[in-house]
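S.K.: Can you read through this structure? Questions will come right after.
The values are calculated or read from the model by the stated rules, or taken from the named source; none is laboratory data. All values reported here derive from a predicted model rather than from experimental measurement. Virtual Cβ from ideal backbone geometry, glycine too; neighbours counted across all protein chains shown. Just so you know, the surface numbers come from the protein's heavy atoms only, side chains and all, with ligands and any DNA or RNA stripped out. Shrake-Rupley method; radii C 1.70, N 1.55, O 1.52, S 1.80 Å.
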Amino acid sequence: MIERYIRFGPLQVDQQRQEVTKGGSRLKLQGKVYEFLLALLEKQGEVVTREEIRARLWPTDLHVNYYASVNAYVTKLRLVLGDSSELHIETISRQGYCLVLRPEFADVPLPPAVMPDGSPNGYAHGSKSSSAPRNSKIWITFGVVALILAGMLLGALVTLLGGRGF
């Protein structure tokens with residue numbers, strides 16, 4: 001029997017309703033993009049070849065530019081996953097794609113993934129939270145702004161002193 005729910009990262013798939021949610025919000029992921037996602041989930045950790053994708057998504061007698069279509073589906077999935085750096089869907093050069101996240105399967109809806117420290121993480125594969133890069137960007141921005149303000153204050157001080165020096 002196939003489990004109804006699949007959770008991976010911050011997303012959950014309800015296979016019976018053919019619905020994908022992220023943090024409880026329904027995502028518009030339908031048709032062939034949804035089928036492509038299922039193909040990745042079914043072979044998690046293994047390469048899903050372009051030929052397997054073509055066979056699953058298009059009848060043999062239909063002639064389409066499936067390379068361009070698959071590329072568009074990968075792009076859309078990465079946008080939904082927030083995966084611009086191939087963190088979740090890895091491109092295997094000249095072969096296909098691989099889902100990096102470890103999915104969890106269940107008959108009932110799964111709660112959001114939780115880190116060992118009890119904080120919600122949303123990633124079932126145990127990777128570190130993505131807030132660390134965000135925090136370092138904030139500190140870099142803060143540092144640059146502080147340097148600019150210090151330069152402006154120094155310039156104002158020099159102007160007030162009439163350029164006499166220190």
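S.K.: Which count do you get for residues in segment 38-61 that are open to solvent by less than 70 Å² (accessible area, probe 1.4 Å), free of Cβ contacts under 8 Å to residues at least 40 places away in the same chain and either in contact with a strand residue (DSSP E or B) (Cβ under 6 Å, 6 or more places away or on another chain) or of a type in the set (Lys, Arg) (or both)?
M.R.: 2
S.K.: Go through segment 19-37 and give me each residue that's under 14 Å from residue 76 (Cα atoms) and not in a loop (DSSP other than H, G, I, E, B).
M.R.: Scanning segment 19-37 gives 20, 27, 31, 32, 33, 34, 35, 36, 37.
S.K.: Would you mind telling me which numbered condition in (1) assigned to a loop (DSSP other than H, G, I, E, B); (2) under 17 Å from residue 102 (Cα atoms) residue 59 fails?
M.R.: (2)
S.K.: Among the residues that make up segment 110-132, is at least one of them at pLDDT 80 or above and in contact with a Leu (Cβ under 8 Å, 6 or more places away or on another chain)?
M.R.: Checked against the condition, which is being at pLDDT 80 or above and in contact with a Leu (Cβ under 8 Å, 6 or more places away or on another chain), segment 110-132 yields no hits at all.
S.K.: For residues in segment 62-96 being within 19 Å of residue 41 (Cα to Cα), at pLDDT 85 or above and not in a helix (DSSP H, G or I), which is most open to solvent (accessible area, probe 1.4 Å)?
M.R.: Checked segment 62-96; the qualifying residue most open to solvent (accessible area, probe 1.4 Å) is 95.
S.K.: Being outside any strand (DSSP E or B) and within 16 Å of residue 79 (Cβ to Cβ) is the filter; apply it to segment 1-18 and report the residue that is least open to solvent (accessible area, probe 1.4 Å).
M.R.: 9
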